[in-house]
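First comes the structure, then the notes that go with it.
The values are calculated or read from the model by the stated rules, or taken from the named source; none is laboratory data. Treat the numbers as computed from the prediction; the structure is a model and nothing was measured. Counting neighbours? That spans all protein chains shown, and the Cβs are built from the backbone with ideal geometry, glycine included.
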Amino acid sequence: MVPAASLLAVVLSAFAAGRWGLPGAVALACSSLAWLALNRPMEGRIIFVISETRGLVAADLIGFAGLALAVVVAVVDLAGRSSRPS
């Protein structure tokens with residue numbers, strides 16, 4: 001149940017990040033990190049093996065995509081703020 005709620009938080013905060021700018025990007029980054037920490041019960045296929053006990057799984061891609069989107073939204077929001085006349 002907790003991993004599903006975490007995934008829902010990633011999806012909702014990804015939607016909100018486009019509307020709220022930097023605060024939405026922070027929420028998306030936090031929910032993506034929570035997803036990476038809590039997704040173990042929902043892990044899929046192993047994509048890349050790091051060691052015998054570690055690897056990149058399909059579910060991890062959601063968290064990394066969320067983090068990447070959060071960075072893009074934050075950069076665009078901050079660039080927009082700095083280009084506005086004060």
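Observations on the structure shown:
- Every residue from the range 33-86 that is of a type in the set (S, T, N, Q) and not in a helix (DSSP H, G or I): N39, S51, T53, S86
- From the options A34, A9, A29, residue that is under 9 Å from the mean Cα position of the chain (by Cα), at pLDDT 90 or above and more than 11 Å from V73 (Cβ to Cβ): A34
- Filtered by the rule that a residue be touching a residue at least 12 places away in the same chain (Cβ under 8 Å) and on the phi < 0 side of the Ramachandran plot, the range 13-29 gives S13, A14, A16, A17, G18, L22, G24, A25, V26, A27, L28, A29.
- Filtered residue count, the range 51-84, keeping only those that are acidic (D, E) and within 15 Å of the chain's Cα centre (by Cα): 1
- In the range 26-68, residue surrounded by the fewest Cβ atoms within 10 Å (Cβ to Cβ) [restricted to those that are of a type in the set (V, I, T) and in contact with a strand residue (DSSP E or B) (Cβ under 6 Å, 6 or more places away or on another chain)]: V49
- One residue from V71, V76 being closer than 23 Å to G18 by Cβ, surrounded by 12 or more Cβ atoms within 10 Å (Cβ to Cβ), of a type outside the set (G, A, S) and out of contact with any Gly (no Cβ under 9 Å at 6 or more places or on another chain): V71
- Scanning the range 1-11 for residues that are loosely packed, with under 15 Cβ neighbours inside 10 Å and either touching a residue at least 12 places away in the same chain (Cβ under 8 Å) or acidic (D, E) (or both) gives V2, A4.
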